[in-house]
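Below is one structure; the comments refer to it alone.
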Amino acid sequence: LSITMTSTTSDQKAVSGPLMAKPYRQRLVSKDGRSLMQGNAPGSRETWFGALRDMWGTWLALRWRWVVLAFCGSFLLHWLLFAVLWYLLARVNGDLDVPDHDSPPPGHVLCVKHVTGFTAAFSFALETQLTIGYGTMYPNADCPTAIALLALQMLLGLMLEAFITGAFVAKFSRPQKHCGGILFSPQAVVCEVRGQRCLIFRVCNLLPRPLVDVCVSAVLYEERDDHELHQTAVEFSVDNLGSRPCPLFLSPLTFYHPLTPSSPLNNAPNTKHFELVVFLTASQESTGSGYHKRTSYLPDEIQYGSCFAKVTSWHGKGQSKAKSMRYFDMQPCPLTLPNTHTGDALEKEHVVVQINGEGSDRVE
């Protein structure tokens, strides 16, 4: 979005307007809601210590490909560790030198029957952990060391399985991971609604389950001349509900923010860059599970002088994501109300509004 103010005098000058596109900066939140900010750890040592102190949080923050890799790697390392221990036990006890484990020498007590090499030790460790019990290899009750090692392997294996299972369940049940069917409009718009200029975005619900108690909050992050990041709350509402949550998520929902003179979006003349981050929370009616989704809008993702097209149909079961994107279609919406937050300079100048570089409209 770009708004160019052209003076009527011969020496044309450019004046900055509200919601103006700034040079590209790295965003704080991606369009799909992922945080793009990195921690300011002094070095790798502090980073590793922080990850170990919060191992559970680190595990849940990993991507699925790393979780699956860690799942496979942890069990393989566990089996390999105890395969080495069983092999060392057999070697120390002299079981590897016994040619026939079915007929051991008199006076020799086998610790694990038929463990004659490392491959057999690895197989025994695998069978013990998974409780397969093929019956060809088994520990001897007359060897206390083998029984102690067996108990240790089962204890550590159960702890590992409990941790892995709990982590998988926690990742599946995270509020922000099971709301992929909640879609934000790729762009926000500025248009006039009921005689007032408003900033508007739309949300669509493709989930097959009804959602209730929908709350939306927004924070305006501004980079000002002091190179600090300032945060300001921005209030959005659905129709005339005000700050109260929407009782039922009927798709789509359109959220409005009036651009009054006291709006944070109008009172940032020294802002070098801003990003509007929107947070949505809701709950499932049947289970009470929480849903969290967020997105962000940069200055060039706000369409000035456009509005969302009216919804003519409601989505049903099996509707595709591409078909539901029709709810985000936009159409031109001329701005006829005076812009009260840009000062007296606008009264003496013509305003050229360019929407994504596609033509321009001149407004006196």
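Per-structure values
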| read-out | value |
| --- | --- |
| Potential lengthening between S35 and D329 on full extension [0.36 nm per residue; Cα-Cα distance subtracted] | 103.1 nm |
| Segment 203-257 and segment 143-175: distance between their alpha carbon centers, rounded to Å | 43 |
| Summed side-chain charge close to A120 - residues other than A120 whose Cβ falls under 13 Å, Lys, Arg +1, Asp, Glu -1 | 0 |
| Sequence of R224, R194 from largest to smallest accessible area, 1.4 Å probe | R194, R224 |
| Heavy atoms of D142 accessible to a 1.4 Å probe, total area in Å² rounded to 10 | 110 |
| Evaluated over segment 123-246, the Cα radius of gyration and Dmax, each in Å | 28.7, 91 |
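The values are calculated or read from the model by the stated rules, or taken from the named source; none is laboratory data. Quick caveat, the model's predicted, so the values are computed rather than measured. Positions of Cβ are backbone-derived with ideal geometry, glycine not excepted, and every protein chain shown enters the neighbour counts. Ligands, DNA and RNA are stripped out before the accessible areas are found, and what is left, the full protein with its side chains, is counted by its heavy atoms. Shrake-Rupley method; radii C 1.70, N 1.55, O 1.52, S 1.80 Å.
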